[in-house]
Structure formats: structure tokens, C-alpha cells
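A.B. asks: Please read through the structure below; I'll follow up with questions.
Nothing in this text is a laboratory measurement; each read-out follows from the coordinates by a stated rule. Quick caveat: nothing in here was measured; it's all calculated off a predicted structure. As a convention, Cβ positions derive from the backbone with ideal geometry for all residues, glycine included, and neighbour counts pool all protein chains shown.
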Amino acid sequence: MRDRWLRACGYWNRSHEGSYDLAGDADLRVFYVTVIRETMHIEDVRTLLNGRFLADLWPRLWFSPQVRGAWKSRLPDLVSAAA
């Protein structure tokens, strides 16, 4: 189970203010996209994102072709799990 609220903080969160409602699909997707786009450290990805949720959300997350391609090349299992 995921905690419902996450307060927006950290260098990776320049584009969102306030809190994320992680029980809501829209905020959860915004949170995952924000972390993937803006984080500079792999440890942030490991700490902040859940692999199961990421696989489920992956088809519904909007990324540029470059970002999506980079993730596909490094995590083919993630992409195939979402298919």
C-alpha cells in the first residue's frame, strides 16, 4: 500500500508545488513523470519510485521519444511488463 500524501520537496521537484495525492491516479502519474524527468541520482529513483506501480503506469506516462527510448534501452523488462 502506498502512503496517500507526499509533500513536494527536493531538487527533483522544481515544477510542482504543494503535495502529491498518491492515492489519485493523476497526481501519481505527475509524480512519476517528475521524478523520472528531473532526478539526477539513481538513488532517488530507487527510493521514490515503486517498480510495480511504474510498470502499471508506464503506458500512461507522457515522455519525449528520447526519454522513453532511454528507459526502454535500459529497462526492457519494465517496458515488456507494461505491454
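A.B. asks: For segment 49-70, name all the residues that are outside any loop (DSSP other than H, G, I, E, B), among the hydrophobic types (A, V, I, L, M, F, W, C) and within 21 Å of Ala26 (Cβ to Cβ).
C.D. replies: Restricting attention to segment 49-70, the residues satisfying the condition of being outside any loop (DSSP other than H, G, I, E, B) are 51-60, 65-70.
Add one more test, that the residue is among the hydrophobic types (A, V, I, L, M, F, W, C), and what stays is 53-55, 57-58, 67, 70.
Once the filter is applied, which keeps residues that are outside any loop (DSSP other than H, G, I, E, B), among the hydrophobic types (A, V, I, L, M, F, W, C) and within 21 Å of Ala26 (Cβ to Cβ), segment 49-70 yields Phe53, Leu54, Ala55, Leu57, Trp58, Val67.
A.B. asks: Hey, another quick one. Are any residues in segment 26-48 outside any helix (DSSP H, G or I) and surrounded by fewer than 16 Cβ atoms within 10 Å (Cβ to Cβ), and if so, which ones? It would help to see each step written out before you state the result.
C.D. replies: Just the residues of segment 26-48 that are outside any helix (DSSP H, G or I), to begin with: 39-41.
Of everything in segment 26-48, those that are outside any helix (DSSP H, G or I) and surrounded by fewer than 16 Cβ atoms within 10 Å (Cβ to Cβ) turn out to be Met40, His41.
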